[in-house]
Amino acid sequence: MHGPAVSGWLLMALCALTGAYCLLRTRGGTGEERRTARAEALMGFGMAAMAVPAAVVAPPAWGWAVYAALFGVAALRALWFSRRNGHHLHHLVGSSAMVYMAVVMGPGGSAHGGHGSHTMAAAGGAPLLTGLLLAYYAAYVLHSGARLIPVAATTTVGGIVAGGPPSAGWANRPELALACRLTMGISMFAMLLTL
């Protein structure tokens, strides 16, 4: 990802924490929920690795090919599982976007002129594809953010909130899973914006 080192480190930390929470979610839930959490953990950690500022830790030239291959396999996996659950179509788009970014940011890509340095001045990628992915992630972020707004009003009885959801463990909180998806959507938008 291109940009100042501080924003790269912050984005890396945010994606790594999101990936770690998704990994925590793999401990509970149904098989489909664990499969989704694993895919989201891979995405979070992959985005964290791509966000590390190259001025500090330059990735090896072959690293971008590994990212492209890893997320190519993840895209095929998401395509396979999308037969059962439509949410995997989002994982397909995300994995494909990661392949696209790895190709653009790699040594042969136009984003870096072949040497893997992260600069704002260099533009890369196909403008139409980048624009479509930006539009998709903008819509996804707005949709996910709207889903976090509580619909049912809670009532207060003697200072105690009534009508709220029962307390659940950290790994089984649907609103936290949705917040992680929102975070990764925003992060993906930011990474695509800087191509």
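Annotations for the structure displayed:
- The shape of segment 1-89 can be summarised by an equivalent ellipsoid whose semi-axes, obtained from the alpha carbon gyration tensor, come to 27, 16, 9 Å from longest to shortest.
- Segment Ala61-Trp9, extension gain: residue separation times 0.36 nm, minus the distance between their alpha carbons: 16.7 nm
- Ranked from largest to smallest solvent-accessible area, with a 1.4 Å probe on the protein heavy atoms, Phe71, Phe189 come out as Phe189, Phe71.
- Full extension of the chain between Arg84 and Ala135 yields a length gain of 15.8 nm, computed as 0.36 nm times the residue separation minus the alpha carbon distance.
The values are calculated or read from the model by the stated rules, or taken from the named source; none is laboratory data. All of these numbers come straight from a predicted model, not from anything done at the bench. Side chains included, ligands, DNA and RNA excluded: accessible areas come from the protein's heavy atoms. Shrake-Rupley method; radii C 1.70, N 1.55, O 1.52, S 1.80 Å.
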